[in-house]
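Colleague: Pasting in a structure now, in structure tokens, and then I'll have a few things to ask.
The values are calculated or read from the model by the stated rules, or taken from the named source; none is laboratory data. Computed from a prediction, not measured in an experiment: that's the story for all the values here. Quick reminder, even Gly has a Cβ in these numbers, built from the backbone with ideal geometry, and neighbours come from all protein chains shown. Heavy atoms of the whole protein, side chains included, go into the accessibility calculation; ligands, DNA and RNA do not. Shrake-Rupley method; radii C 1.70, N 1.55, O 1.52, S 1.80 Å.
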Amino acid sequence: MSECYGNYFIHNGIVKPAALFDNSMVYEGESVYEVLRMKSGLPYFFEEHIQRLENSVRLQKKNMLATMEQIRDDIIKLAGLEKVKKEVNLKIVFNYSEPSGNYLLYYIEPVYPTPEQYSNGVKGIFFFAERINPESKVINHKLRSEIYHKLILENAYEALLVNREGLITEGSRSNIFFIKGNELFTAPDKFVLGGITRKHILKICNDFNINVIHECVKLSEVSNYESVFMTGTSPVVLPFNMIDNISFNVNHHLIPFLRNIYLEKAEESLEYFV
């Protein structure tokens, strides 16, 4: 099944029909990527996403296959062709399987939490794995596949990664925050991919004097925490009601507070794209 969601995609700056899209251009060889959430053809936090893409490329000792200005122009071009009014995710991929590389830009099918999931929380699982270079957003098809199958088997929404020392670092496609009292706990930056949503949640906490402790939670001590939530481009701020067989409070007042302030900042970011 093609990952391209829509009628067109852009390949090395050229618009092509979706029928020509080949997943191998993304998943064969090394790929660095970024996923942006779009509203009415405009991306949230555009420059921050591209800066993170540049950082991932640098950490992998590769070259950028398109400039920020080229990517901006291609987003405008694709949005003009697709004319999608609802929210959708956009994927940018730099694939290095060929000497010249493949730069791809295309919509992917959005999977956003439902209002019920925001209210009632979702199920999580623990998964023993760690990224080789967590600060770089690189496609790891094998790990992604293993986690995807485990999530299906467990009927779960997200996997929390546990390293060999028994420390919870991040989600398979999100960042993780634990709550105890009115304090947040999240892994130090060196253990995680620095999510754009996470970055803004941390800034909101600083602005509103919410204490954040940067340390990994031990798997053996998870039950000591009241609430757990994930942050990410698609889930935004989403609580867990259960992880494995441990239940958590989804109604902690900090969760909707952080989500609402973040959504306000996301709306403001649209004004800076064009």
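Colleague: Out of the trypsin sites (Lys or Arg not before Pro) in the range 1-67, which ones are loop residues according to DSSP with at most 10 other C-beta atoms within 10 Å?
Modeller: LYS61
Colleague: Between 0 and 90 degrees, rounded to the nearest ten: what's the tilt of helix 254-269 against the longest Cα principal axis of the chain?
Modeller: Taking the Cα atoms of the chain, the angle to 254-269 is about 20 degrees.
Colleague: Additional query: How much of the accessible area of the chain, in percent, comes from carbon and sulfur atoms when a 1.4 Å probe is used?
Modeller: 51 percent
Colleague: Subtracting the Cα-Cα distance from 0.36 nm times the residue separation, let me have the gained length for LYS62 to ILE246 in nm, one decimal.
Modeller: Additional length available on full extension: 62.0 nm.
Colleague: For the chain, modelled as a Gaussian network with Cα springs under 10 Å, which listed residue fluctuates most, LEU53, LEU161, LEU143?
Modeller: LEU143
Colleague: Here's a follow-up. Return an integer: the convex hull volume of the alpha-carbon atoms of the range 21-123, in Å³ per residue.
Modeller: Output value, Cα hull per residue: 133 Å³.
Colleague: For LEU81 and ILE152 in one chain, what is 0.36 nm times their gap in residues minus the Cα-Cα distance, to one decimal in nm?
Modeller: Roughly 22.1 nm would be gained on extension.
Colleague: Using only Cα atoms, tell me the angle between helix 141-154 and the longest principal axis of the chain; keep it within 0 to 90° and round to the nearest 10.
Modeller: 50 degrees
Colleague: Just grab the label-to-label distance for GLU54 and ILE132, each label 7 Å out from Cα along the Cβ direction, in nm (one decimal).
Modeller: So the label points at GLU54 and ILE132 sit 2.6 nm apart.
Colleague: Here's another thing I want to ask about it. Treating the angle as unsigned and between 0 and 90°, give the value, to the nearest 10°, between the Cα long axis of helix 46-59 and the longest Cα principal axis of the chain.
Modeller: 90 degrees
Colleague: Is the range 115-274 rounded, prolate or oblate when judged by the Cα gyration tensor, a ≥ b ≥ c being the square roots of its eigenvalues, rounded requiring a/c under 1.5 and prolate requiring a/b larger than b/c?
Modeller: Judged from the Cα gyration tensor, the range 115-274 comes out rounded (a/c under 1.5).
Colleague: Near LYS265, which aspartates and glutamates are there with a Cα under 19 Å away, not counting those fewer than 8 places off in the same chain?
Modeller: LYS265 reaches GLU47, GLU48, GLU87, ASP207.
Colleague: For the range 1-69, what does the alpha-carbon gyration tensor say about shape, rounded, prolate or oblate, given a ≥ b ≥ c as the root eigenvalues, a/c under 1.5 as rounded, and a/b over b/c as prolate?
Modeller: oblate
Colleague: Any chance you could count the Lys pairs in the range 25-114 whose alpha carbons are under 27 Å apart, treating pairs 8 or more apart or on different chains as valid?
Modeller: 12
Colleague: How big, on average over all directions, is the shadow cast by the Cα convex hull of the range 184-273, in nm²?
Modeller: 6.5 nm²
Colleague: For the chain, restrict the atom set to alpha-carbon positions and state the Rg and Dmax in Å.
Modeller: 18.6, 53
Colleague: Please compute the per residue accessible area over the chain with all protein chains in place, 1.4 Å probe, rounded to a whole number of Å².
Modeller: 49 Å²
Colleague: Now for a different question. How would the range 172-229 be classified by its alpha-carbon gyration tensor: rounded, prolate or oblate, with rounded meaning a/c under 1.5 and the a/b versus b/c comparison settling the rest?
Modeller: Because a/c hits 1.5 or more and a/b fails to exceed b/c, the range 172-229 counts as oblate.
Colleague: For ASN209 and GLN70 in one chain, what is 0.36 nm times their gap in residues minus the Cα-Cα distance, to one decimal in nm?
Modeller: 46.1 nm
Colleague: Counting only pairs 8 or more places apart or on different chains, how many lysine pairs in the range 107-253 have C-alpha atoms closer than 23 Å?
Modeller: Here the count comes out as 19.
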